[in-house]
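Have a look at the structure below before the remarks.
The values are calculated or read from the model by the stated rules, or taken from the named source; none is laboratory data. Just so it is clear, the structure is predicted and the values come from calculations on it, not from any experiment. Counting neighbours? That spans all protein chains shown, and the Cβs are built from the backbone with ideal geometry, glycine included. What goes into the accessible areas is simple: the full protein's heavy atoms, side chains included, and nothing from ligands, DNA or RNA. Shrake-Rupley method; radii C 1.70, N 1.55, O 1.52, S 1.80 Å.
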There are 2 protein chains.
Amino acid sequence: MTTTTRGFATIQQRDLVNQIADMLTEALLKGEFAPGVHLAEAQLARDFGVSRAPVREAARLLESRGMLVSQPRRGFFVRTFNADELDDVYDLRLCLERHAIRLLAGKLTAAMEAALSHQLETMRQVARDGTAVQQIEEDVAFHRMLCEFSGNQRLVRVFDELCHEMRFCILLIGQLYDDPLRVADTHEPILEALRTRSPDAGEAALDYHIGVAQQRVVEMFRERAKG
Amino acid sequence: MTTTTRGFATIQQRDLVNQIADMLTEALLKGEFAPGVHLAEAQLARDFGVSRAPVREAARLLESRGMLVSQPRRGFFVRTFNADELDDVYDLRLCLERHAIRLLAGKLTAAMEAALSHQLETMRQVARDGTAVQQIEEDVAFHRMLCEFSGNQRLVRVFDELCHEMRFCILLIGQLYDDPLRVADTHEPILEALRTRSPDAGEAALDYHIGVAQQRVVEMFRERAKG
DNA sequence: CATCCTCAAACTGTCGACACTCGACAGTCG
DNA sequence: CGACTGTCGAGTGTCGACAGTTTGAGGATG
């Protein structure tokens with residue numbers, strides 16, 4: 001949140017490209033476009049009431065995020081995931097977070113610990129009275145903090161990319177957590193390992209935590225593909 | 001394959017966007033644009049003899065690859081790296097390759113081993129009578145194989161992104177290897193560890209190999225920034 | 001009935017044009 | 001002399017249009 005010297009919030013003059021990208025992203029996450037379907041630029045441009053140029057650029061943006069794919073002279077299509085690709089995403093995510101927690105264990109500050117604790121509390125809160133989307137977002141936010149606090153910004157960027165793809169798949173599945181409060185609790189061992197500055201315990205906790213999620217999500221995704 | 005009215009087979013007309021992206025990439029890697037410099041769309045369009053639209057899209061592509069950055073209403077600028085960012089890239093790369101070699105150790109086939117051996121031989125060849133660029137490319141190719149053979153395609157994609165950035169920095173530095181043949185040889189322990197299916201030895205070999213490169217490259221980069 | 005061909009509609013790739021914004025510079029006022 | 005304002009050129013954001021390509025339907029053909 002930036003402010004001027006007078007305290008006004010700066011005018012957020014976002015360009016059309018980002019607005020369109022956000023709206024497309026939202027639509028994709030809501031499942032309004034079936035995987036593999038063709039997105040016609042002209043049609044989208046009409047829908048948004050703009051010309052094709054910004055739509056094209058927004059589509060390129062989403063392509064770079066792995067949500068769309070393009071074929072020359074044929075245009076953009078909604079990215080299709082198969083269970084193996086999703087498995088790769090989780091595998092890579094685990095790789096990143098293990099690394100992050102190993103780095104973090106050696107440099108955890110009181111402020112970081114407080115932030116993580118607070119985030120865990122937020123997760124428990126939305127586990128009780130929040131939507132499924134909120135639960136997922138707060139969950140992601142916790143893991144993102146681990147990456148941020150690791151100090152490797154490049155790692156955070158990749159993590160964000162992977163999250164986009166995971167969200168995409170998860171919201172295709174529909175509801176994810178059967179017992180959100182229990183899911184929130186399974187983050188406690190990770191934080192506990194960090195408190196004791198133990199990278200090995202941290203890795204182990206992560207392995208378990210993400211492994212369970214991976215198994216569950218990929219399995220559900222595989223089922224959905226059949227049905 | 002398109003043909004002219006005269007019936008001559010014309011060169012496969014690749015997308016302008018990709019052609020421009022490739023030429024821009026090449027120019028960037030050659031250091032023809034100083035880091036931080038502003039790239040004017042209209043000027044580039046004139047240089048390439050095309051309109052601004054494909055230039056814009058190519059620039060977006062390079063932005064997603066981390067070689068350019070854009071500011072709203074101001075356009076595209078050549079990405080500036082600082083030594084810390086480069087350090088992050090190497091750190092992440094090591095993280096990926098460690099994971100790859102761990103996966104690979106459990107599934108190495110004879111064909112994979114042969115391919116890696118062959119690549120190592122190629123590296124020795126260009127170490128004797130190749131250019132610095134060739135040496136770097138064959139080196140990268142070896143490491144890329146490790147990622148590919150790991151079986152995680154998503155990991156390969158991230159590796160490729162990181163390589164783009166590393167090339168970008170390395171060719172900014174200028175010459176890298178003082179003794180290319182020795183550098184090629186330091187890949188042998190990695191392959192040897194794989195032959196014995198030992199993930200731990202593989203990680204250790206990688207840690208050493210990449211650690212040395214990281215230290216050297218980042219150090220040289222830091223020096224260059226001062227001088 | 002299956003296959004090939006023709007053709008029109010739809011769509012993408014590219015272009016040139018216009019409006020608006022940003023930054024620099026000179027001029028004005030206190 | 002310093003700060004503010006008006007103006008101007010450069011450059012981006014967006015648009016509508018055109019040309020060539022892809023697609024799919026429907027008819028012709030074996």
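Per-structure values
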{"item": "For q = 0.13 Å⁻¹, Debye-computed log10 I/I(0) when each Cα of segment B:16-78 counts as one equal scatterer", "result": "-0.27"}
{"item": "Shortest-first distances to equivalent copies, position A:E188, nm, label 7 Å out along Cβ", "result": "5.4"}
{"item": "Using a 7 Å Cα-to-Cβ projection, B:G151 label spacings across copies, nm, ascending", "result": "3.5"}
{"item": "Contour minus Cα-Cα distance for A:R74 and A:V133 (0.36 nm per residue)", "result": "17.9 nm"}
{"item": "B:H118 versus B:Y208: modelled label distance in nm, points set 7 Å from Cα along the beta carbon direction", "result": "2.8"}
{"item": "Surface accessible to a 1.4 Å probe, per residue, for the residues of the protein assembly as shown, Å²", "result": "50"}
{"item": "Amide H contacts under 5 Å for B:L39, placed H, 5+ residues apart", "result": "B:F76, B:F77, B:V78"}
{"item": "Inter-copy spacing of A:S51 label points, which lie 7 Å from Cα along Cα→Cβ, given in nm from shortest upward", "result": "0.8"}
{"item": "Assigned charges on the beta-carbon of Lys, Arg, Asp, Glu; chain A dipole about Cα centre (debye)", "result": "780"}
{"item": "Overall Cα dimensions of the protein assembly as shown, principal axis frame, Å, largest first", "result": "69, 61, 57"}
{"item": "Rh (Kirkwood; distinct C-alpha pairs) - chain B, Å", "result": "19.4"}
{"item": "Under the Karplus curve 6.51 cos²θ - 1.76 cosθ + 1.60, θ = phi - 60°, whole-Hz ³J(HN,Hα) for segment B:188-202, x wherever Gly or Pro sits", "result": "4, x, 5, 5, 5, 4, 5, 4, 8, 6, 10, x, 5, 5, x"}
{"item": "Size-normalised alpha-carbon gyration radius of segment B:56-137, reference 2.2 N^0.38 Å", "result": "1.58"}
{"item": "Alpha carbon centroid spacing (whole Å) that separates segment A:183-227 from segment A:46-124", "result": "18"}
{"item": "Whole-Hz couplings from phi, Karplus 6.51/-1.76/1.60, listed for segment B:130-146; x for Gly and Pro", "result": "x, 7, 4, 4, 4, 4, 5, 5, 5, 4, 4, 4, 4, 5, 5, 4, 3"}
{"item": "Whole-Hz ³J(HN,Hα) from phi, Karplus 6.51 cos²θ - 1.76 cosθ + 1.60, for segment B:28-41, glycine and proline x", "result": "5, 5, 7, x, 6, 10, 5, x, x, 6, 7, 9, 7, 4"}
{"item": "Within segment B:70-134: Cβ-based charge dipole about Cα centre, in debye rounded to nearest 20 (Lys, Arg +1; Asp, Glu -1)", "result": "260"}
